[in-house]
Amino acid sequence: VLAPLYLLGLRDLSIIWGAWALGFLALGALSVETYRLALPLAGRSASFGAGAMVLCFGGYVWCAASGMEVVPASWVLAFSLRHCVEWGETADHRTLRHRRLLLALSLLAPLVRPEGVLISALVFGVLAAFPLASGTRAPALVALVGPVIVPFFNLVLTGHATSSTTIVKWLPGNPYYGHGAALVAAVRENVRLLFEVLLDGREWSAVYLPTGSRPFAIAALVAIPATGFLRRRGLRAALVFAMALAILIPCTYLTFLWNRLRYLWPFAFAWFVGLACLSSCVAELLASVHPRLRAVGGAVSAFFAFALASHLGWTLDDLWGSSSAIDRQQVALGRWANETLAPNARIGVNDTGAIGYLSHRKTFDVVGLTTPDEARYWVAGAGSRFEHYERLYRASPGRLPTHFIVYPQWMACDAVLGDELHDATVTDQTILGGTTMTAYDARYDLLGTGEAPNAAPGGQLVDELDVADLESEAVHDYLIGTQTRETDDQALSYDLGERTIADGARMARIEDHFVLHGAHPGGNVVVARFVADQPADVEVRVAGNSVGVASLSAGEWTEASFDVPPDLARGAIDVAVASLHGTKFGSAHYWLYGR
């Protein structure tokens, strides 16, 4: 949407004016749509308050001023929801023109934000449930095209239908959290955090919501179906209620705390409708005492808007401070790169934004959000990224960056970071990924140095499992399990005489389980490379039979050899490695040699 404005001359940071125009135009339109949604449920005065809540809510103001897509996405949801409600409520709205609008919205909404597929489903539902007088429901099927548009283009352009953001941020797709008890526990914790902390205006949401907001939020949720019943607007109430509950969708993300809770706020307008409904319920209760007290509803709704407005000062202070921090760090580094690096430089980044935009250089997104095929390695941890860079260096070295501008603690892969060239440190901030972001020369001399054991046992190398190398792990049926997290895995280096050797490793392991192929019938030797933060004993078992125990020293690499008797060698051998005393260890490499 901003690209035409860029072509018209809003270059460099002047593009911010275009982002502001779009963000605040959407904010005003969202206020109107919220009022229209609330009007038949809560009455005119309380609904004015709902529209005012949108304008007074710091979450929307922050996002409108930031240039993120949150407020336009929220307007698309609210606008589409209202038209779906009106289609279902009265036959007068069921016209060919209105149906074309609904179908267009069903295709547009998923392009604005992935959560827009809710609108596609909603349009399909209302068109199927309330067809035109002709009675045909077939046009409703067009709405089902909406959810497949983005996956289709992903597939055509990248070779996989899943978006990079989904790979990085969605829990069900995460190898560490994405199944069974680990997934349930992670989602449950996010739901608890949402209702006990964020909706109560504490910690991350304190700049937007008054402390103690949770009882009012829950009451607002209950008030939506209550007013729908009282005013005989059941469909409207049901759909607004469902949109409010859609705030639970981000609870399936790895975290929704990024970027000032921006994944939650597209659904906030439905909660403001709920607060207007709550105000209306209070007015009706008081009207049972005296009819004139019904006017209190507007005052209660205005009070909620005022309560939100009371935090706008905090919101704006945070906005100014965050903008200043980004300007002094990422904008400054982007300009430094533009002035200093060669035109053909390729910059490895973990925050693409200002650096990618202002450096005018090609980028390599180590997180994978803007570089195809990198997301799965980011999710798998630093060890897997190192192993992936080894494969890229052998197959297509031109794809790798010539420089990195990263937070070193995020990158967590010092083995590819060369000389420090420049840095930007900002201490008075809460928005950045770290206090210091540093520019480095890229170095690749350590890639591949850990591919062979320090002392090969002799014989022929018949198979090799490079732990943390996702392709190698897949071939060898290596079980990651849920015992470790991506933050445990590392790209480690150590000195061997005058040489430095680097290897990716999975840390904090209790056990490893995998299959090695090509076992020699005359007997074999398994060589293992381990590392441990504290002394540990690990036992290696082949086909269920113990073939030895290795004692690991704290903070050192240990390479151990294990003889595999001929009677256990049957082509493919099942190997299990387990800590004997529950002490965690790290594993980096396994080799199989035939005698």
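The values are calculated or read from the model by the stated rules, or taken from the named source; none is laboratory data. The structure presented is a predicted model; accordingly, all values stated were derived computationally and were not measured. Note: ideal-geometry Cβ built from the backbone for every residue, glycine included; neighbour counts use all protein chains shown. The accessibility values were calculated without ligands, DNA or RNA, using every heavy atom of the protein model including side chains. Shrake-Rupley method; radii C 1.70, N 1.55, O 1.52, S 1.80 Å.
The criterion of at least 3 residues that are farther than 28 Å from A508 by Cα and open to solvent by 10 Å² or more (accessible area, probe 1.4 Å) is met, among strands (runs of 3 or more DSSP E) falling completely within region 345-433, by 417-425. In region 481-515, of all residues being open to solvent by less than 60 Å² (accessible area, probe 1.4 Å), at pLDDT 85 or above and of a type outside the set (A, V, I, L, M, F, W, C), the one that is nearest to N174 (Cα to Cα) corresponds to R506.
If only one of Y478, Y440, Y444 is open to solvent by less than 60 Å² (accessible area, probe 1.4 Å), in contact with a Pro (Cβ under 9 Å, 6 or more places away or on another chain) and in a loop (DSSP other than H, G, I, E, B), which one is it? Even if it seems obvious, please write down each step before you answer.
Details: Y478 fails: in contact with a Pro (Cβ under 9 Å, 6 or more places away or on another chain); Y440 fails: in a loop (DSSP other than H, G, I, E, B).
Every option except Y444 fails the conditions.
Looking only at residues in region 104-150 that are of a type in the set (S, T, N, Q) and closer than 17 Å to C84 by Cα, the one that is surrounded by the most Cβ atoms within 10 Å (Cβ to Cβ) is S106. The lone criterion from (1) more than 27 Å from G274 (Cα to Cα); (2) surrounded by fewer than 21 Cβ atoms within 10 Å (Cβ to Cβ) left unmet by L101 is number (1). On the stretch given as region 173-220, residues that are open to solvent by 40 Å² or more (accessible area, probe 1.4 Å) and not in a helix (DSSP H, G or I) total 5.
Which residues, taken from region 553-581, are in a loop (DSSP other than H, G, I, E, B) and either touching a strand residue (DSSP E or B) at 6+ places or on another chain (Cβ under 9 Å) or open to solvent by 60 Å² or more (accessible area, probe 1.4 Å) (or both)? Show your work before the answer.
So in region 553-581, the residues in a loop (DSSP other than H, G, I, E, B) come out as 553, 555-556, 565, 569-572, 580-581.
Of everything in region 553-581, those that are in a loop (DSSP other than H, G, I, E, B) and either touching a strand residue (DSSP E or B) at 6+ places or on another chain (Cβ under 9 Å) or open to solvent by 60 Å² or more (accessible area, probe 1.4 Å) (or both) turn out to be S553, G555, E556, P565, A569, R570, A572, L580, H581.
Only residues that are out of contact with any Phe, Trp or Tyr (no Cβ under 9 Å at 6 or more places or on another chain) and touching a residue at least 60 places away in the same chain (Cβ under 8 Å): list them for region 114-147, please. Scanning region 114-147 gives L118, L122. Would you say F216 is aromatic (F, W, Y) and farther than 17 Å from E196 by Cα? Against the criterion (aromatic (F, W, Y) and farther than 17 Å from E196 by Cα), F216 does not qualify.
Any chance region 541-552 includes a residue that's within 26 Å of V416 (Cβ to Cβ), among the small types (G, A, S) and in a strand (DSSP E or B)? Looking for residues that are within 26 Å of V416 (Cβ to Cβ), among the small types (G, A, S) and in a strand (DSSP E or B), one finds none in region 541-552, hence no.
Checked against (1) within 25 Å of the chain's Cα centre (by Cα); (2) modelled with pLDDT under 95, A138 passes all but condition (1).
For region 223-237, filtering for residues that are open to solvent by 50 Å² or more (accessible area, probe 1.4 Å), free of Cβ contacts under 8 Å to residues at least 24 places away in the same chain and assigned to a helix (DSSP H, G or I) leaves 2. The listed residues are R97, R82, and the only one of them that is assigned to a helix (DSSP H, G or I), basic (K, R), free of Cβ contacts under 8 Å to residues at least 12 places away in the same chain and within 29 Å of A128 (Cβ to Cβ) turns out to be R97.
M68 fulfils the conditions (1) in a helix (DSSP H, G or I); (2) among the aliphatic types (A, V, I, L, M); (3) surrounded by fewer than 21 Cβ atoms within 10 Å (Cβ to Cβ) except for a single criterion, (1).
Within the option set L13, L30, L77, being under 24 Å from the mean Cα position of the chain (by Cα) and either assigned to a helix (DSSP H, G or I) or not β-branched (V, I, T) (or both) holds for one residue only, L77. Only residues that are more than 17 Å from G23 (Cβ to Cβ) and open to solvent by 10 Å² or more (accessible area, probe 1.4 Å) were counted across region 46-62, and they come to 2. Within region 496-540, the residues that satisfy the criterion of being free of Cβ contacts under 8 Å to residues at least 40 places away in the same chain and either part of a loop (DSSP other than H, G, I, E, B) or closer than 22 Å to R385 by Cβ (or both) are G497, E498. Within region 71-82, the only residue that satisfies the criterion of being surrounded by 24 or more Cβ atoms within 10 Å (Cβ to Cβ) and among the aromatic types (F, W, Y) is W75. Counting only residues that are open to solvent by 20 Å² or more (accessible area, probe 1.4 Å), in contact (Cβ under 8 Å) with a residue 12 or more places away in the chain and within 18 Å of I249 (Cβ to Cβ), region 160-172 holds 7 of them.
Within region 449-474, being outside any loop (DSSP other than H, G, I, E, B) and over 29 Å from W378 (Cα atoms) holds for Q460, L461, V462.
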